[in-house]
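The next block holds one structure in the form of structure tokens; read it before the comments.
The values are calculated or read from the model by the stated rules, or taken from the named source; none is laboratory data. Computed from a predicted model, the values in this text were never measured in an experiment. Note that each Cβ is placed from the backbone with ideal geometry, even for glycine, and that neighbours are counted across all protein chains shown.
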Amino acid sequence: MEVTITSSPFGSRTRTRALLALRLLGESYPRELARLLGAPLSSVQKALASLERDGLVAARPVGRTRAFRLEPRYFAHEALGKYLDRLAEPEEDLRGRVAALRRRPRRTAKSL
Amino acid sequence: MITRQSSLADVAIALGDALRRHGIRAVLTGGACASLHTAGDYQSRDVDFVLVGPTTQARLDAAMASVRFLRRGDSYVHPRTAFYVEFPRGPLAIGSDHAIRPVERRRRGARALILSATDSCRDRLAAFYHWNDRSSLAVAVAIARKRRVDLRAIRRWSLAEGSPGGFEAFLAELRRPPRPVRRHRHAAPGEPEPLTARAQRSRL
């Protein structure tokens, strides 16, 4: 049985880690977050929906998906960012996964 | 009574009045508020109220039911109008500023709390500053042209939000000649008279 060794100050563990991931990434979409967090897609979608209702994150349509990021208009956005930065420090696994993601552009037709 | 022909302003003020009469303090925000401040030049289908005091779901449902709005998921809908109501979670804030002072708007015997013109303008500018939403910039400009807004306060807030460039873009748009509006409408009795762009600039 897995034992949680870190707190979840934003409710569920998925909610908290989704916020941490968005802070580290800047912007992401549900399927990418699900892969990063090792969580079911439906759980991530529910977490994002509840975070959106709370005004902590916001989404915009990008193609056929929605890109989420921390809501810059949240009244405590700056303080939230600093808090999430601090919370992310001991999350070595998550930070490692984020660091492994490729975000830089890749030329069309360039082979892998 | 809300009917199929009711305007957004009619619906929004009627809702605010119903909430008030049920002891629920709520402030009209978002696009519906912007619509009121542009005298309908900008339209929105959703009506957003931010609750600024404690209440219960049952009490809220009862207040909404008094004007025939019924809860469906996170929204409230009415059988005779396409406008729907949402209650975004608080606090009532614009960017990092949560010292918001709503104003009371009266219409046909009904009263509702709404964002002031200055705060509604800032609310739209926040979307432009943080999401680069040009349509929100256009609405902010429309509000500033229709209503008296405190440009000095908007500038101070813009600097606090880290968007001096955004404020300059707003001023530049405000100085442009306005596009011809298709529908001309005189201010209703009791409504503040619109100000020209020249009058706005002279107050900066």
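Out of region B:84-104, which residues are in contact with a Ser or Thr (Cβ under 6 Å, 6 or more places away or on another chain) and closer than 17 Å to B:PRO54 by Cα? Walk me through how you get there before you give the answer.
Within region B:84-104, the first condition is being in contact with a Ser or Thr (Cβ under 6 Å, 6 or more places away or on another chain), and the residues that meet it are B:84, B:86, B:103.
Scanning region B:84-104 gives a single hit, B:GLU86.
Quick one: count up the residues across region B:91-120 that are within 14 Å of chain A (Cβ to nearest Cβ), loosely packed, with under 15 Cβ neighbours inside 10 Å and among the small types (Gly, Ala, Ser).
1
Which of the residues belonging to region B:1-28 are in contact (Cβ under 8 Å) with a residue 60 or more places away in the chain, in a helix (DSSP H, G or I) and surrounded by fewer than 18 Cβ atoms within 10 Å (Cβ to Cβ)?
Listed by number, the list holds a single entry, B:ARG20.
For B:GLU86, work out the one condition from (1) touching a strand residue (DSSP E or B) at 6+ places or on another chain (Cβ under 7 Å); (2) more than 14 Å from chain A (Cβ to nearest Cβ) it doesn't fulfil.
Answer for B:GLU86: the failing condition is (2).
Listed here are the residues, each with its yes/no results for (1) outside any helix (DSSP H, G or I); (2) more than 24 Å from B:ALA126 (Cα to Cα); (3) in contact with a Cys (Cβ under 9 Å, 6 or more places away or on another chain).
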position: A:THR14; (1), (2), (3): no, yes, no
position: A:LEU19; (1), (2), (3): no, no, no
position: A:GLN45; (1), (2), (3): no, yes, no
position: A:ARG66; (1), (2), (3): yes, no, no
position: A:TYR74; (1), (2), (3): yes, no, no
position: A:TYR83; (1), (2), (3): no, no, no
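Any idea which of A:LEU33, A:LEU80, A:LEU22 is at pLDDT 95 or above, surrounded by fewer than 19 Cβ atoms within 10 Å (Cβ to Cβ) and hydrophobic (A, V, I, L, M, F, W, C)? Quick ask: steps written out before the conclusion?
Values: A:LEU33 fails: surrounded by fewer than 19 Cβ atoms within 10 Å (Cβ to Cβ); A:LEU22 fails: surrounded by fewer than 19 Cβ atoms within 10 Å (Cβ to Cβ).
Answer to the selection: A:LEU80.
When you go through (1) within 14 Å of chain B (Cβ to nearest Cβ); (2) more than 30 Å from B:SER120 (Cα to Cα) one by one for A:THR16, which number turns out not to apply?
Here A:THR16 meets the rest and fails (1).
For A:GLU71, only one of the following conditions fails: (1) surrounded by fewer than 17 Cβ atoms within 10 Å (Cβ to Cβ); (2) closer than 19 Å to B:SER96 by Cα; (3) in contact (Cβ under 8 Å) with a residue 12 or more places away in the chain; (4) of a type in the set (Asp, Glu). What is its number?
A:GLU71 satisfies all of (1) surrounded by fewer than 17 Cβ atoms within 10 Å (Cβ to Cβ); (2) closer than 19 Å to B:SER96 by Cα; (3) in contact (Cβ under 8 Å) with a residue 12 or more places away in the chain; (4) of a type in the set (Asp, Glu) except (1).
Checking B:TYR129 against (1) within 14 Å of chain A (Cβ to nearest Cβ); (2) in contact (Cβ under 8 Å) with a residue 60 or more places away in the chain; (3) touching a helix residue (DSSP H, G or I) at 6+ places or on another chain (Cβ under 6 Å), only one condition comes out false. Which one?
So the condition that B:TYR129 fails would be (2).
Which of the numbered conditions does A:LEU48 fail, given that it passes all the others? Conditions: (1) within 12 Å of another protein chain (Cβ to nearest Cβ); (2) touching a strand residue (DSSP E or B) at 6+ places or on another chain (Cβ under 6 Å).
Checking A:LEU48 against (1) within 12 Å of another protein chain (Cβ to nearest Cβ); (2) touching a strand residue (DSSP E or B) at 6+ places or on another chain (Cβ under 6 Å), the one that fails is (1).
Please determine whether any residue of region B:164-172 is buried (at least 22 other Cβ atoms within 10 Å of the Cβ), among the acidic types (Asp, Glu) and at negative phi.
Looking only at region B:164-172, we keep the residues that are buried (at least 22 other Cβ atoms within 10 Å of the Cβ), and these are B:170.
Remaining after also requiring among the acidic types (Asp, Glu): none.
No, region B:164-172 contains no residue that is buried (at least 22 other Cβ atoms within 10 Å of the Cβ), among the acidic types (Asp, Glu) and at negative phi.
Any idea which residue in region A:51-67 is nearest to the other protein chains (Cβ to nearest Cβ), counting only those that are under 21 Å from B:GLU161 (Cα atoms) and touching a residue at least 24 places away in the same chain (Cβ under 8 Å)?
By that ranking, first place goes to A:LEU56.
Assuming B:ALA99 fulfils every condition listed in (1) of a type in the set (Gly, Ala, Ser); (2) in contact with a Lys or Arg (Cβ under 7 Å, 6 or more places away or on another chain); (3) under 30 Å from B:ARG152 (Cβ atoms) apart from one, which condition is it?
Answer for B:ALA99: the failing condition is (2).
With respect to A:ARG60, is the statement that it is assigned to a strand (DSSP E or B) and modelled with pLDDT under 95 true?
Details: assigned to a strand (DSSP E or B): yes; modelled with pLDDT under 95: yes.
Taking the combined requirement at face value, the residue satisfies it.
What helices (runs of 4 or more DSSP H) completely inside region B:92-204 contain at least 1 residues that are at pLDDT 95 or above and under 17 Å from the mean Cα position of the chain (by Cα)? So that I can check it myself, show each step before the final result.
Working: elements: B:117-131, B:134-146, B:151-160, B:164-175, B:197-202.
By residue number, B:117-131, B:134-146, B:151-160.
State whether one or more residues within region A:94-111 are surrounded by 14 or more Cβ atoms within 10 Å (Cβ to Cβ), touching a residue at least 60 places away in the same chain (Cβ under 8 Å) and among the basic types (Lys, Arg).
Taking every residue of region A:94-111 in turn, at least one turns out to be surrounded by 14 or more Cβ atoms within 10 Å (Cβ to Cβ), touching a residue at least 60 places away in the same chain (Cβ under 8 Å) and among the basic types (Lys, Arg).
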